Each structure stands twice: as structure tokens, then as C-alpha cells.
Amino acid sequence: DVKVTQSSRYLVKRTGEKVFLECVQDMDHENMFWYRQDPGLGLRLIYFSYDVKMKEKGDIPEGYSVSREKKERFSLILESASTNQTSMYLCASRPGGYRGYTFGSGTRLTVV
Amino acid sequence: GQQLNQSPQSMFIQEGEDVSMNCTSSSIFNTWLWYKQDPGEGPVLLIALYKAGELTSNGRLTAQFGITRKDSFLNISASIPSDVGIYFCAGRDFGNEKLTFGTGTRLTIIP
């Protein structure tokens, strides 16, 4: 089975800190995604990448950036964390073609 | 970004009951997916649908790709306690790498 691993299950950071969320997949998938999940809003796409060093903005990219230096790793960066970025962050990956995503277990980030 | 309309938002049922939920979109999709999320975990793919009218089962779960390509349905028969969680629909249109997700249906089983 494909495994998508997010480095932290829970994080608490202070306002203004730079935050890195790491995601690694082990099945050579081309496409990787970062979502945030908030009650009543479902899953909203922040950024995605379809190849190394390639990135595309999703629906809510403001306040975030991403990095994909290697195919298996996709990092989400909060340049200056704010309290409204407190959320559950989910990473996903997918091979080419019309297939479903495989999600990681999520990182619950609290910004205080 | 576009959101799918998923209903109901929540369901409270007794063990053994059947469950139905649906998702509608204002635009056409060529792929519909149904996911389940357990508390504290990421969503897990349950069923994938690729053709209009397709009916696919996975154990007690059955999902259908609507003929209009703008909706999909998920049914769970004879619910059991481990069915508790949040169910998400997701759709993808032609040539688009991104999935659009519904807002979720939270299923609770009353003892």
C-alpha cells in the first residue's frame, strides 16, 4: 500500500514563527497536494505539485508557500504563522491518471 | 474555489439502519470519489467511479455516478459501529489534476 507520512501529528507554534510541515510518500507518485480542513468548510486546497520543483496555487494559497526538491517530499511553509492558520493540514499524493488520492494522517497545527 | 453540496451534513442513526447520502455539483465531473475519515486520521478512499451511471460496491457500501455527471450517491447498508466518521465526496473534471471536495457528512451511531 502507498504510504503518505506527515512528520508531526500535533504542533503548537507562536504567532510570527516560520513553520515547516513535511510530507513524504513512498510510491513514486508524480502529484502531491496540501489541504487544510476546518469544521464546516471541508477540505480546501492550498498548493499542489505535479513534478519536482513544480508548484501550482490551489484555492487558498495566501500565507503559504511550498517546496518540492525531491519527488517523494512536499513541504508546506507558513512564512509567518497567524492564529487563523490554526487547522488540520492534510497531505496527499496521487499517481498520474484518473485515480484517487492517498492521504497522510494529518498535522493538527495550533498557532497561539 | 468550487465546493460540492453534500447532504445531509450529519446523521444520527441506530446500528443496523441503512444510510444514504449524496453530493451535487453545478459542473460536470468525469470522476467521483467517496472517502471516509476516522477521528484524528486522514481520509481513506472507499469507492471510485469513472463512468456516468456506474454503480460500484465495496462490501456494505454502494456508490453511484449520476447520469447527469453532476451528482453521486453513497449508500451504507446495515450500519455497524465502525461506520462512524465523516464521509466526503470528491469530484474531478476533465484535464484537471485537482479534486473538489464536499463539506462532509458526519455519521453518528446511537447506542
Legend entry - the stretch A:31-92: relative contact order as a whole-number percent, Cα under 8 Å and 6+ apart: 34 percent
Legend entry - Net +/- balance of residues flanking residue A:67 in space, Cβ distance below 15 Å, scoring K and R +1, D and E -1: +2
Inset, instruction - Starting from the coordinates of the alpha-carbon atoms of the stretch B:32-111, obtain the Kirkwood hydrodynamic radius over all distinct pairs and give the value in Å to one decimal. - result: 13.3 Å
Legend entry - Pairwise centroid distance, computed over Cα atoms, of the stretch B:1-45 with the stretch A:12-54, Å: 22 Å
Legend entry - Share of pairwise Cα separations in the stretch A:7-52, more than 14 Å, in percent: 66 percent
Inset, instruction - Could you give the C-alpha radius of gyration of the protein assembly as shown expressed as a fraction of 2.2 N^0.38 Å, taking N as the number of residues it contains? - result: 1.01
Inset, instruction - Quick one: compute the contact order of chain A, relative version, from alpha carbon pairs under 8 angstrom and 6+ residues apart, as a percent. - result: 36 percent
Legend entry - chain B, relative contact order in percent, only Cα pairs under 8 angstrom and at least six apart counted: 37 percent
Inset, instruction - Starting from the coordinates of the alpha-carbon atoms of the stretch A:19-112, obtain the Kirkwood hydrodynamic radius over all distinct pairs and give the value in Å to one decimal. - result: 13.3 Å
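Values quoted throughout were computed directly from the atomic coordinates according to the rules given, and no laboratory measurement underlies them. Owing to the predicted nature of the structure, the values given are computational and were not obtained by experimental measurement. Using ideal geometry, Cβ is built from the backbone for each residue, glycine included, and neighbour counts are taken over all protein chains shown.
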